Amino acid sequence: MEKLVIKGGTRLKGEVTISGAKNAAVAILPATLLVNGICHINNLPNISDVKIICNILKELGAKITWKKENEITIDTTEINSTKAPLEMTSKFRASYYLIGSMLGRCGNIEVGLPGGCNLGARPIDQHIKGFEALGAKVTVGQGKIHAKAKKLVGTSIYMDVVSVGATINIMLASVLAEGTTTIDNAAKEPHIVDVANFLNTMGADIRGAGTDVIKINGVKQLKSEGTYSVVPDQIEAGTFMLAAIASKGDILVKNCIPEHLDCITAKILEIGGNVEDYGDSIRVSANKRPSKASVKTLPYPGFPTDMQPQMGVVLSIANGTSIINESIWESRFQYTAELNKMGAQITAQGKTAVFEGVDKLYGAPVYASDLRAGAALIIAGIIADGVTELYNIEHIDRGYENIEEKFRNLGANIQRISE
Ligand code: UD1
């Protein structure tokens, strides 16, 4: 078992380079199954979710060559299985993208029910509704999902809830379907645009990704070879931006797309921080305690739920009383109990948490309940007085590349220790 030991009291200063987006990478990798050829993928984040999905693709018959730590070549010409190993697929959320991809490729796939962060109920009814509308038969039982289709035919699909995963999954299943598919009330996150850009680079005909309405004109096949670079991670960039504010530091966040971060920037300015936009990097600094704020998480371009715990750390030490309303996930305040162990005064009930800002946090043993909660607790440890021991860090390794090294380069005193 590993833990992070953080000696706190640091003002973070310096530069950090953002890696490729986790949530784009974990969709683009399964999307290579639609290609039936060779994909060169660059700017892949070196995280455990990427490694797991590569191992699953290998089990299905893909040949994978790592060129460098962040560059991979995937040859999907010899896919020879339609059963993704259950124990591997049920470990993480994005395994559901194998369904859309394999339905599109060969009309048959069996995967374990998706796992991932425990954020409350995570239904996949919208994914299934989309697959069925395209002509697939989907059965769920005994911990697995089996999807089958003789032929997929494009149709109009209205999403009852705005879902990132369902939007991408239906897009994947429609790329090689007969005719045109329209997704109404689609999610608009940057990684949806990135998956569409990857597929279009490979010869798909997808229009409107990044808006409410996505149209996919089915094509007979994709190109046999292509190269694509994954978009920078909006959430990783936002994590370091808020770390700068929480620590009253000064960080140049390099390799990011500032427009993807507009709502984080707006909140930072509102609470008294400084933000300078340099086109492909963003400098964030603060020289005073943040002021209170109200935050409500919403689908993009609203404030991302995946930035909520990091914002919670900032508001835990803000001047005054703040409120966060979590409108996407029902159990996303587990981190507040850990922050309270560090001296925060947060009352969380249902989807609302009230933060009575305190002057200081104090180091304590704390547990990461999920990926973003883990990142938030690192920030808390860095700004706290004394030593914080952070456990369950495998959650953090799922989605942040070299996180302790990146924080160390900004001046943090943080060590990974095996027990
Ligand atoms: C993705 C992200 C996750 C992020 C979330 C919201 C990945 C791998 N994960 O998760 O980090 O927190 O978007 O930005 O990209 N819903 C349904 N039925 C469905 C699907 C979703 O009711 O079939 C509901 C969910 O319960 C939730 C909301 O829709 O309340 C949004 O979920 P969704 O956007 O699908 O999240 P994920 O794709 O699982």
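The values are calculated or read from the model by the stated rules, or taken from the named source; none is laboratory data. Note that the coordinates shown come from a computational prediction; the quantities given were computed from them, not determined experimentally. Here the Cβ is made from the backbone with ideal geometry for all residues, glycine too, and neighbour counts use every protein chain on show. When the accessible area is computed, the model is the full protein with side chains, heavy atoms only, and any ligands, DNA or RNA have been set aside. Shrake-Rupley method; radii C 1.70, N 1.55, O 1.52, S 1.80 Å.
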Quick check on the range 213-236: of everything there that is touching a strand residue (DSSP E or B) at 6+ places or on another chain (Cβ under 7 Å) and charged (D, E, K, R), which residue is farthest from I18 (Cα to Cα)?
K215
Go through (1) buried (at least 20 other Cβ atoms within 10 Å of the Cβ); (2) more than 13 Å from the ligand (Cβ to nearest atom); (3) in a helix (DSSP H, G or I) for I6 and report which single condition fails.
(3)
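Residue-by-condition table, conditions (1) touching a residue at least 40 places away in the same chain (Cβ under 8 Å); (2) among the β-branched types (V, I, T); (3) under 24 Å from I396 (Cα atoms):
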residue: Y300; (1), (2), (3): yes, no, yes
residue: M307; (1), (2), (3): yes, no, yes
residue: Q310; (1), (2), (3): yes, no, yes
residue: L315; (1), (2), (3): yes, no, yes
residue: S327; (1), (2), (3): no, no, yes
residue: S331; (1), (2), (3): yes, no, yes
residue: T347; (1), (2), (3): no, yes, no
residue: S369; (1), (2), (3): yes, no, yes
residue: A373; (1), (2), (3): yes, no, yes
With the condition kept exactly as written, say whether any residue in the range 95-105 is within 25 Å of N200 (Cα to Cα), within 11 Å of the ligand (Cβ to nearest atom), in contact with a helix residue (DSSP H, G or I) (Cβ under 8 Å, 6 or more places away or on another chain) and modelled with pLDDT under 95.
yes
Looking only at the range 3-49, which residues are polar (S, T, N, Q), in contact with a Lys or Arg (Cβ under 8 Å, 6 or more places away or on another chain) and closer than 20 Å to N409 by Cβ?
T17
Can you find even one residue in the range 142-161 that is surrounded by 15 or more Cβ atoms within 10 Å (Cβ to Cβ) and within 11 Å of the ligand (Cβ to nearest atom)?
yes
From the set of residues in the range 11-35 that are in contact with a Gly (Cβ under 6 Å, 6 or more places away or on another chain) and open to solvent by less than 10 Å² (accessible area, probe 1.4 Å), which is farthest from the ligand (Cβ to nearest atom)?
L12
Taking the range 136-156 only, how many residues are under 12 Å from G107 (Cα atoms), in contact (Cβ under 8 Å) with a residue 40 or more places away in the chain and touching a strand residue (DSSP E or B) at 6+ places or on another chain (Cβ under 8 Å)?
5
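To keep it simple, each residue is scored yes or no on (1) in contact with an Asp or Glu (Cβ under 8 Å, 6 or more places away or on another chain); (2) closer than 26 Å to R289 by Cβ; (3) of a type in the set (G, A, S); (4) not assigned by TED's automatic domain parsing to the domain that holds E394.
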residue	(1), (2), (3), (4)
I324	no, yes, no, no
W329	no, no, no, no
F333	yes, yes, no, no
T336	no, yes, no, no
L339	no, yes, no, no
I346	yes, yes, no, no
E356	no, yes, no, no
D359	no, yes, no, no
Answer yes or no as to whether Y400 is among the aromatic types (F, W, Y) and closer than 21 Å to K51 by Cα.
yes
The lone exception for A173 - which of (1) crowded, with 16+ Cβ neighbours inside 10 Å; (2) over 18 Å from I99 (Cα atoms); (3) more than 13 Å from the ligand (Cβ to nearest atom) it fails
(2)
